[in-house]
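The values are calculated or read from the model by the stated rules, or taken from the named source; none is laboratory data. Predicted model, so just to flag it, every value in this text is computed and none were measured. Note that each Cβ is placed from the backbone with ideal geometry, even for glycine, and that neighbours are counted across all protein chains shown. Calculation scope for accessible area: heavy atoms of the full protein, side chains included, ligands and nucleic acids excluded. Shrake-Rupley method; radii C 1.70, N 1.55, O 1.52, S 1.80 Å.
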Amino acid sequence: QVQLVESGGGLVQPGGSLRLSCAASGSAFRSYAMGWYRQAPEKQRELVAVISTGGRTNYVDSVKGRFTISRDNAKNTVYLQMNGLLPEETAGYFCNANSGKYDYWGQGTQVTVSS
């Protein structure tokens, strides 16, 4: 069992930055691929970024060069550094842990990009 708690969301102006954190409890954090997803009202949840157990990363095209996903296995935490935020990126951001066999979600943190 893995519990995920996101933090770091908030209100930011267009072009601003935020750093999201996702703290995982439970065992074997390093055995899980970790991902960040987002969901805007009335839209489907979409994958933003993922980091494998070995540290390989992948991003949706729209955030490449602006967002960075990283993980600290010693702290059981995954991060999403978001720079150059756009108003259309206003959404709930959710952390995911996936081992292939098990899949866990956090409750999400709201990111609002507005002037």
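Points worth noting:
- Alpha-carbon Rg with Dmax, taken over segment 46-106, Å: 12.2, 36
- Accessible area (Å², per residue) of the chain, counting only protein heavy atoms and a probe of 1.4 Å: 54
- Sequence-separation-based contact order of segment 15-115, relative, with Cα cut under 8 Å and 6+ spacing, percent: 32
- Which of Tyr37, Tyr32 is most accessible, then next, and so on - probe 1.4 Å: Tyr37, Tyr32
- When you filter the trypsin sites (Lys or Arg not before Pro) in segment 1-93 for DSSP loop state and at most 13 other Cβ atoms inside 10 Å of their Cβ, you are left with Lys43, Arg56, Lys64, Lys75.
- Rounded to the nearest 10 Å², the accessible area of Met82 at probe 1.4 Å: 0
- The chain: most fluctuating residue of Val60, Val50, Val78 per GNM, C-alpha cutoff 10 Å: Val60
- Additional length obtainable on full extension of the chain from Gln39 to Thr57, 0.36 nm per residue less Cα span: 4.4 nm
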